[in-house]
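Working notes, beginning with the structure itself.
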Amino acid sequence: MEHKEDKLKEVISHAKEYGFVFPSSEIYDGLAATYDYGQLGSELKNNIKSYWWKSMVQMHENIVGIDSAIFMHPTTWKASGHVDAFNDPLIDNKDSKKRYRADVLIEEFIEKIRMKIEKEVEKGIKKFGDDFDETQFRATHPNVLRNKEKIKEIEDRMRETLGKNDLEGVYNLIVDLEIVCPISGTKNWTEVRQFNLMFSTELGSVAGDASTIYLRPETAQGIFVNFLNVQKSGRMKIPFGIAQIGKAFRNEIVARQFIFRMREFEQMEMQFFVRPGEEMKWYEYWKEARGKWHKALGLGDQNYRFHDHIKLAHYANAAADIEFNFPMGFKELEGIHSRTDFDLKQHEQFSGKKLQYFDPELNQNYVPFVVETSVGLDRMFLAVLSASHKNEVLEDGSERTVLSLPPALAPYKVAIMPLTKKDGLPEKAREIIDQLKFDFLCQYDEKDSIGKRYRRQDAIGTPFSVTVDHQTLEDNTVTIRDRDTMEQIRVNVADLFSIIDQKVNMRKLLV
Ligand code: GAP
């Protein structure tokens, strides 16, 4: 099996080689944790956005979308709690001089214990074969039970210390667990300190506190401050949602693992406003709905799992992550949060404006509760790219690299290739593109042998390649090759639209 680190490296280099993702300002040796999306990356990213927007906004009568500014009045962030509480606990190793998030160090320690449990289960499967009762094994095996107990103890201590902002307690936990720095291998730690994650800048030419503004660390606040504008202008009735896609910025302490953790990234967020007391019902509803949305992509159900938060954000009373099996292991892809009425109430208090809804059925005014779904667009991109990237050995012993992207997300849907560059074949190929280009992004490709061109299209995930040859000029038929099966069939040009459409239409993901 391929090593996980190697897999990530391979995905990064593939992404660069084919124009999906480049290091930002690379000619100046790049900027840490900042990336640019290239010509194919932008297409893939746009298609992911479309899938989300269609499913969340356009297919819900009671959800609408907005596009709010990145800069917001600075009081927004006082009210939201981000100025005071959007911190990460950080710790430095004195020998390696490397900085870590204390909670992540502890979570990684827990993950190692979890891996021990999984290894024990694997041993059981090997030993008992078909007779193996996994549920029973997990509930009774002494090593599994001991490790589960250990995890629970650590999680309890973590919840308690982080919950009370007891930084000394967090430090003691790291010391007690004998966690070592992955670089230096020593336990020579500094104390734990809080570090605010918001980037700030000055508005206009006046310096000083009053003019400090922040780059938004989440898109959600742009939705909260527009709650009444949208509700009134759109005559929205509770329950209803407001969604948006946009950039967010966080001065992450440890930004690494490619586009997984960046300082500038994009979020796709939806705030669902509900009656107080109904939030748990909707929280469960959205957890399930979002799980389905991910799984419809066909990247493998086994690659997703839910993880309930131990450390709740300052605004939440329940929160879960949908985790994805990235090349680095299972990590957060999306967060679903029950944010209570915290944000709207805070904004009421700080702005002095009422942010309430009159519920005609209850004949009552109230501040709605909110259930949020928040998925990182860049993480979605990495999930799709890494799960689709495959090295295959073919029947004849040759190898190919293929991006088996969900067809609806693939940048190009079809490549049109004249067999040779003469005899009117390029013109015929372009004529076919002219028919298809209104519905599908097509690529014209005439360079190199057909075999090489197929490999190139496989590597960028194009679901279909169409070859135009001399017979095409006679009977208007072409060869169409399927990326996944590599099967080639001869079809009439007039049938191309429906063959391609059947496979690449986003409708397939949305129904
Ligand atoms: N409004 C809620 C919120 O922002 P979050 O769990 O902090 O919640 C939501 O972030 C999602 O945004 C995450 O699940 C992740 O996909 C993405 N995200 C957060 N920080 C990120 C970063 N530094 N780089 C890339 N994506 C990030």
| said: Name the residue from Phe195, Met268, Ala255 whose Cα lies farthest towards the positive end of the charge dipole of the range 188-284, charges +1 on Cβ of Lys and Arg and -1 on Cβ of Asp and Glu. | reply: Met268
| Straight-distance crosslink candidates among aspartates and glutamates, where the alpha carbon sits under 16 Å from Lys422 and sequence neighbours closer than 8 are dropped | Glu431, Asp445, Glu446, Asp448, Asp469, Glu474
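Need one number: the % of Cα-Cα pairs in the range 270-362 sitting beyond the 17 Å mark.
59
By the gyration tensor of its Cα atoms, with a ≥ b ≥ c the square roots of the eigenvalues, what is the shape of the range 153-240: rounded for a/c under 1.5, prolate for a/b over b/c, or oblate?
Details: a/c = 3.60, a/b = 1.75, b/c = 2.05.
It is oblate, given that a/c is not under 1.5 and a/b is not larger than b/c.
About its Cα centre, what dipole magnitude does the chain give when the only charges are +1 on Lys and Arg Cβ and -1 on Asp and Glu Cβ, stated in debye to the nearest 20?
Numbers: 72 positive and 81 negative charges, 96 e Å.
Dipole about the Cα centre, nearest 20: 460 debye.
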| Estimated distance in nm for a label pair at Tyr444 and Arg430, the labels positioned 7 Å out from Cα along Cα-to-Cβ | 0.5
| request: Using a 1.4 angstrom probe on heavy atoms only, work out the carbon and sulfur share of the accessible area of the chain in %. | output: 50
| note | Computed over the chain, protein heavy atoms only, probe 1.4 angstrom, the accessible area per residue in square angstrom equals 49
| task | Find, to one decimal place in angstroms, the Kirkwood hydrodynamic radius of the range 4-123, where the mean of 1/r is taken over every pair of different Cα atoms and then inverted. | result | 19.7
| note | What helix-only [θ] at 222 nm does the chain give? Using -39500 (n - 2.57) per DSSP H run of at least 4, over all residues, to the nearest 500, the answer is -11500 deg cm²/dmol
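Using Stokes-Einstein with the Kirkwood hydrodynamic radius over Cα pairs, what translational diffusion coefficient do you get for the chain at 25 °C and a viscosity of 0.890 mPa s, in µm²/s rounded to a whole number?
Values: Rh = 25.9 Å.
Here the translational diffusion coefficient equals 95 µm²/s.
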| request: Taking H placed 1.01 Å from N in the peptide plane, check which residues at least 5 places from Ala415 or on another chain put their amide H under 5 Å from its amide H. | output: Gln443, Phe464, Ser465, Val466
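Arrange the residues Arg290, Arg256, Arg138, Arg455 by how much accessible surface each exposes, largest first, with a 1.4 angstrom probe.
Working: Arg290 0, Arg256 120, Arg138 65, Arg455 85 Å².
These residues rank, largest area first, as Arg256, Arg455, Arg138, Arg290.
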| field | For Glu266, distant residues with modelled amide H under 5 Å away | value | Ala248, Leu377, Asp378
| query | What is the sum of charges around Ser404, taking Lys and Arg as +1, Asp and Glu as -1, for the other residues whose C-beta is under 10 Å from the C-beta of Ser404? | reply | -1
| How many nm is it between the label spots at Glu122 and Ser184, if each spot is 7 Å from the Cα in line with the beta carbon? | 3.3
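At a Förster radius of 25 Å, what calculated FRET efficiency corresponds to the Cβ-Cβ distance of Ser200 and Lys354, to the nearest 0.05? Show your work: numbers first, answer last.
Values: r = 30 Å, r/R0 = 1.18.
Computed FRET efficiency for Ser200 and Lys354 comes out at 0.25.
Counting Lys and Arg as +1 and Asp and Glu as -1, what is the net charge of the other residues whose Cβ lies under 13 Å from the Cβ of Thr477? Before the final figure, lay out the partial values.
On the way: positive: Lys428, Arg490; negative: Asp469, Glu474, Asp475, Asp495.
Taking every other residue near Thr477 into account, the sum is -2.
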| task | May I have the extent of the alpha carbons of the range 357-433 along their three principal axes, as whole Å values ordered from largest to smallest? | result | 76, 36, 19
| remark: For Lys119, counting only aspartates and glutamates whose alpha-carbon sits under 13 Å away and dropping same-chain residues fewer than eight positions off, the answer is Glu111, Glu134
| field | the range 77-125 versus the range 138-177: alpha-carbon centroid distance in Å | value | 12
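Please work out the Kirkwood hydrodynamic radius for the range 394-510, using every pair of different C-alpha atoms, and report it in angstroms with one decimal place.
Details: mean 1/r = 0.0698 Å⁻¹.
Kirkwood radius, the range 394-510: 14.3 Å.
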| request: Return an integer: the convex hull volume of the alpha-carbon atoms of the range 156-199, in Å³ per residue. | output: 99
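For the chain, what's the relative contact order in percent, using C-alpha pairs closer than 8 Å and at least 6 residues apart?
Details: 846 pairs, mean separation 70.4, N = 511.
RCO, the chain: 14 percent.
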| request: Show the residues, 5+ positions off or on another chain, whose built amide H is closer than 5 Å to the amide H of Tyr35. | output: Ser24
| On Cα atoms only, tilt of 342-351 relative to the major axis of the chain in degrees | 70
| request: Enumerate the residues in the range 217-234 having an amide nitrogen under 14 Å from the point lying 7 Å beyond the Cα of Lys247 toward its Cβ. | output: 217-219
| query | In the range 267-363, which GluC sites (Glu not before Pro) are in a loop and have at most 13 other Cβ atoms within 10 Å, using DSSP for the loop call? | reply | Glu361
| Pairs from Lys49/Lys287; Lys7/Lys292; Lys287/Lys353; Lys16/Lys452; Lys7/Lys331; Lys45/Lys508 whose Cα-Cα separation, in the structure shown, is over 21 Å | Lys7/Lys292; Lys287/Lys353
| remark: Those chymotrypsin sites (Phe, Trp or Tyr not before Pro) from the range 9-105 that are DSSP loop and have at most 10 other Cβ neighbours within 10 Å turn out to be none
| message | Rg and Dmax in Å for the range 242-284, alpha carbons only: what are they? | response | 15.0, 41
| request: State, to one decimal in nm, how far the label point of Asp495 lies from the label point of Ser13, with both points 7 Å from Cα in the Cβ direction. | output: 4.2
| said: Can you find, among Ala79, Thr34, Ile66, the residue sitting farthest towards the positive end of the charge dipole of the chain, where Lys and Arg contribute +1 and Asp and Glu -1 at Cβ? | reply: Ala79
| For Ile253, what charge total do you get from the other residues with a beta carbon under 12 Å from its beta carbon, if Lys and Arg give +1 and Asp and Glu give -1? | +4
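The values are calculated or read from the model by the stated rules, or taken from the named source; none is laboratory data. Keep in mind the model is a prediction, meaning the values are calculated, not measured. Every residue, glycine among them, receives a Cβ derived from its backbone with ideal geometry; neighbour counts consider all protein chains shown. All accessible areas refer to the heavy atoms of the entire protein, side chains included, with ligands and DNA or RNA removed. Shrake-Rupley method; radii C 1.70, N 1.55, O 1.52, S 1.80 Å.
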